[in-house]
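Here the structure comes first, spelled out in structure tokens, and everything after it is commentary.
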Amino acid sequence: MNTASALDRLAAPVHGNADSWRQAFTGAWPFKHVCIDHFFEEQFAERLLAEFPSFDKNLAINEGGTTGGKSVNTRIREISPAYQELYAFISSEPFLDFMSGISGIPDLQLDPKMFGGGTHENRHGQELDPHIDFNYAEDHQMHRRLNLIVYLNKDWKSEWGGAIEIHSNPRRPDENQIRAFDPLFNRAVMFETNEISWHGFPRIDLPENERHRSRKSISIYLYTKDRPEGEIAPSHGTFYVQRPLPAHIAAGHVTTAEDAFELKSLLVRRDRWIELYQKMEMDKNRTIEQLGAYSRQLAARVRVPVTGYVVQEGSTAGVYGDGWIASAMKVQLRAVDPVTSLTLRVYRPEAAGGGRVRILVDGREVANSIIEAGASDIPAAFRRDRGESFTLEILFEAAQKWSPPDDDRDLALMAIEMRMEPPAATEAATGQKKGGLFKW
């Protein structure tokens, strides 16, 4: 199959003029975008309009949890044959390559679930405040890079509103510049998605005799596994900016009843968004607290590499699950038989250099040694009888500053083994009898 036949759902002038669309896209301001009329092959566009799904209230739940005037159907393969063909086409390699060619973004992929995309229907009175889109899809770990919106509205008039608006910066209304495109039949608007790609549309205001109409469109969002480092921002949801006051409300203007209603409506909507963002912050912080508590519980259960006649009991501090210990480590142990010495075997990376290791038992220092990089054995003498619990602390002071790459933890030593010896082993090694030197 040649490229032309593989792109036969597009109008021939569209895929035949990719170079001109690329130039328009890359040269656009304030961010890359392009408007392409007669996008789909005409008969295919007519089928998409004829088979456009009816407004479904169950698909019109807004961010506040109430039913609004916008219905979104992401499951387009279930709508009709035309939409099954559309899905197959927009997920095909030739189409994705074509979109990469226009945008200059390689390796574009379609989200199989089309989260947030699909068919969009907006009724009279609906609007979409200027916003930038969520930037990262967590479920399939891809960066959102490109929006393609195709409109299906015949005989649409500019005075009805609903034009997609490209904003330079809606947070600065006195400086904000807007470029608008009416949502005309078979018109496609394509734009990159990043931290400055502000867009939205003003309120749809249909005459009384035209309110059987709605603003219909198909939204196609494309992703990549990676994106340029300079464009990467922390993962976030959609950020909205409320529209400014109407231009006619200015110094010297006498407020009418309609103005008062408009102002009240704007304040109510702004307050509801503030309430929503506050709830989102509280929900997020609650999740962080729950994860933190769970993490602390896991950290308290980390096992240290202790061998010999002791068992670990209680919590730990400064111990990591991968064998590293921090510059201050503490663990609670209990002797199951008498122990009279400890040999601590640790490893310090060559790049990290050496340092000083101190070992404390119940707060009393039992070893103080200088070690070099590499593996080291550090002996310590003390005694605990059967059933006695004690706290073991290991403190490390580095001779030089060292931070492991791509790891912001406090990593001091790799603990290989903490070997607790019984009296017989100690006596055999030192010729000393238990008691005396080792019993405090």
Fill in: The lone exception for T26 - which of (1) buried (at least 19 other Cβ atoms within 10 Å of the Cβ); (2) of a type in the set (S, T, Y); (3) under 30 Å from S168 (Cα atoms) it fails
(1)
Practice prompt. Pull up region 38-63, narrow it to residues that are assigned to a helix (DSSP H, G or I) and among the charged types (D, E, K, R), then point me to the one that is surrounded by the most Cβ atoms within 10 Å (Cβ to Cβ).
Written response: R47
Discussion item. Suppose we keep only residues that are of a type in the set (V, I, T) and buried (at least 19 other Cβ atoms within 10 Å of the Cβ) within region 184-219. Which one would you say is nearest to the chain's Cα centre (by Cα)?
Written reply: T193
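Return yes or no: is V150 touching a Lys or Arg at 6+ places or on another chain (Cβ under 8 Å) and in a strand (DSSP E or B)? Break it down into steps so the answer makes sense when it comes.
Working: touching a Lys or Arg at 6+ places or on another chain (Cβ under 8 Å): yes; in a strand (DSSP E or B): yes.
Answer is yes for this residue.
For (1) over 11 Å from T340 (Cα atoms); (2) outside any strand (DSSP E or B); (3) at pLDDT below 95; (4) of a type in the set (A, V, I, L, M, F, W, C), each residue gets a yes or a no:
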| residue | (1), (2), (3), (4) |
| --- | --- |
| E393 | yes, no, no, no |
| E397 | yes, no, no, no |
| W402 | yes, yes, yes, yes |
| L411 | yes, yes, yes, yes |
| M418 | yes, no, yes, yes |
| A425 | no, yes, yes, yes |
| A428 | yes, yes, yes, yes |
| L437 | no, yes, yes, yes |
Practice prompt. Go through R171, R179 for me and flag whichever is assigned to a loop (DSSP other than H, G, I, E, B) and more than 21 Å from D97 (Cβ to Cβ).
Written response: R171
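Could you tell me how many of the residues in region 260-273 are over 18 Å from E127 (Cα atoms) and modelled with pLDDT under 85?
From region 260-273, those over 18 Å from E127 (Cα atoms) are 260; that's our starting set.
Still in the list and also modelled with pLDDT under 85: none.
Looking only at that region, the number is 0.
Got a sec? Which of I36, I90, I61 is in contact with a Lys or Arg (Cβ under 8 Å, 6 or more places away or on another chain) and β-branched (V, I, T)?
Going through I36, I90, I61 in turn, the sole match is I36.
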Fill in: So W21, is it out of contact with any Asp or Glu (no Cβ under 7 Å at 6 or more places or on another chain), surrounded by fewer than 16 Cβ atoms within 10 Å (Cβ to Cβ) and aromatic (F, W, Y)
no
Fill in: Only listed residue being at negative phi, crowded, with 18+ Cβ neighbours inside 10 Å and free of Cβ contacts under 8 Å to residues at least 40 places away in the same chain, chosen from V310, V346, V366, V331
V366
Worksheet, complete the sentence: Going through region 206-244 in order, the residues found to be over 22 Å from D139 (Cβ atoms) and in contact with a helix residue (DSSP H, G or I) (Cβ under 6 Å, 6 or more places away or on another chain) are L206, Q242
Item to complete: Kindly provide the set of residues from region 212-268 that are assigned by TED's automatic domain parsing to the domain that holds G104, in a helix (DSSP H, G or I) and touching a residue at least 24 places away in the same chain (Cβ under 8 Å), ordered by number.
Response: E231
Worksheet item: Looking at region 159-179, is at least one residue outside the structural domain of S265 (by TED's automatic domain parsing), crowded, with 17+ Cβ neighbours inside 10 Å, of a type in the set (S, T, N, Q) and within 30 Å of the chain's Cα centre (by Cα)?
Response: yes
Discussion item. Scan region 85-102 and tell me whether some residue there is surrounded by fewer than 21 Cβ atoms within 10 Å (Cβ to Cβ), closer than 27 Å to V241 by Cα and touching a strand residue (DSSP E or B) at 6+ places or on another chain (Cβ under 8 Å).
Written reply: no
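The values are calculated or read from the model by the stated rules, or taken from the named source; none is laboratory data. What you see is a predicted model, and the numbers here were worked out from it, not measured in a lab. Ideal geometry is used to build each Cβ from the backbone, glycine not excepted, and the neighbour counts take in all protein chains shown.
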